[in-house]
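J.: Have a look at this one.
Computed from the coordinates by the stated procedures, all read-outs in this text should not be read as laboratory data. Quick caveat: nothing in here was measured; it's all calculated off a predicted structure. Don't worry about glycine lacking a Cβ; one is built from the backbone with ideal geometry, like all the others, and counts go over all protein chains shown.
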Ligand code: CDV
């Protein structure tokens, strides 16, 4: 089973950029992906807005305008329509405000028929809840979002077992393994990673990009799955986020990568039959996993030094 998949990297989205303008950019990228033969397109985390958790606001409701109460909605419907016309499936991230008033950092997978076939709400929220004066940059995801309540699920879409993770999730092997245990063949990940967001002068952009790539390649290899990680990047409201969008094969090799920091499409032909080899050999979970020794993974959150 072969399919060309596309990563649609998006350059910075400024505070006052309307959803409609962003959706036009997404549609232009989808057209390009289609011209390259792609049947599935992956967009970044929080594709529709600026990465507002870099800003502090006392009354968090003042930021509700960055959330979607419906999906699709008037602004995004043209993207859904185009995808249906081109017979393309896609996934993108947005900020979700539920009818119950709950806020999530969310991603959806949409079939070529325009149906939302899977929703995922970000599990691992980085950063902090309150303004921290000693920090050079704020990262307030914990203030504006609840930890996701969906867990990591998969769906068979276009013949492929697909699952989603969002940004910081890619650094957690637990997320990958939960998807791997469900036979995932394509993990899609959108991200917004600031090039600078703490006080460590030593952690330059090069090291950050390396850790990003290391995490995605390891996750793909250790679960014998394709993975596509796609950035929103470049300068946003005066802040830089790194690019580095990649498509990775089940051996953990990068098979396509972006070269710039703006809107850009990358494609790769994925032969999903290649996922079977690792799943049947080194990572044959049924044959080799030893769950009797993994209790701490779910019983304990933080590190405990007992010696
Ligand atoms: N949006 C994110 O989750 N960003 C984090 C940063 C803050 C480290 C990431 O893991 O890329």
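J.: Looking at residue 21, is it over 21 Å from residue 189 (Cα atoms) and more than 16 Å from the ligand (Cβ to nearest atom)?
T.: yes
J.: If you check every pair at least six apart or on different chains, which have Cβ atoms under 9 Å apart with a residue in the stretch 160-177 that is free of Cβ contacts under 8 Å to residues at least 12 places away in the same chain first and a residue that is more than 8 Å from the ligand (Cβ to nearest atom) second?
T.: none
J.: Additional query: When residue 283 is evaluated against the numbered criteria (1) closer than 20 Å to residue 170 by Cβ; (2) in contact with a strand residue (DSSP E or B) (Cβ under 7 Å, 6 or more places away or on another chain), which criterion, by number, is the only one it fails?
T.: Failing condition for residue 283: (2).
J.: Somewhere in the stretch 37-50, is a residue more than 21 Å from the chain's Cα centre (by Cα) and within 25 Å of residue 264 (Cα to Cα)?
T.: Checking the stretch 37-50: at least one residue is more than 21 Å from the chain's Cα centre (by Cα) and within 25 Å of residue 264 (Cα to Cα).
J.: Within the group 8, 61, 38, which residue is exposed (fewer than 14 other Cβ atoms within 10 Å of the Cβ) and either away from the ligand (no atom under 16 Å from the Cβ) or assigned to a loop (DSSP other than H, G, I, E, B) (or both)?
T.: None of the other options fit; the residue is 61.
J.: Can you tell me which residue in the stretch 194-232 is farthest from the ligand (Cβ to nearest atom), limited to those that are free of Cβ contacts under 8 Å to residues at least 60 places away in the same chain and buried (at least 24 other Cβ atoms within 10 Å of the Cβ)?
T.: 224
J.: Any residue in the stretch 274-282 that is surrounded by 24 or more Cβ atoms within 10 Å (Cβ to Cβ) and over 19 Å from residue 33 (Cα atoms)?
T.: Taking every residue of the stretch 274-282 in turn, at least one turns out to be surrounded by 24 or more Cβ atoms within 10 Å (Cβ to Cβ) and over 19 Å from residue 33 (Cα atoms).
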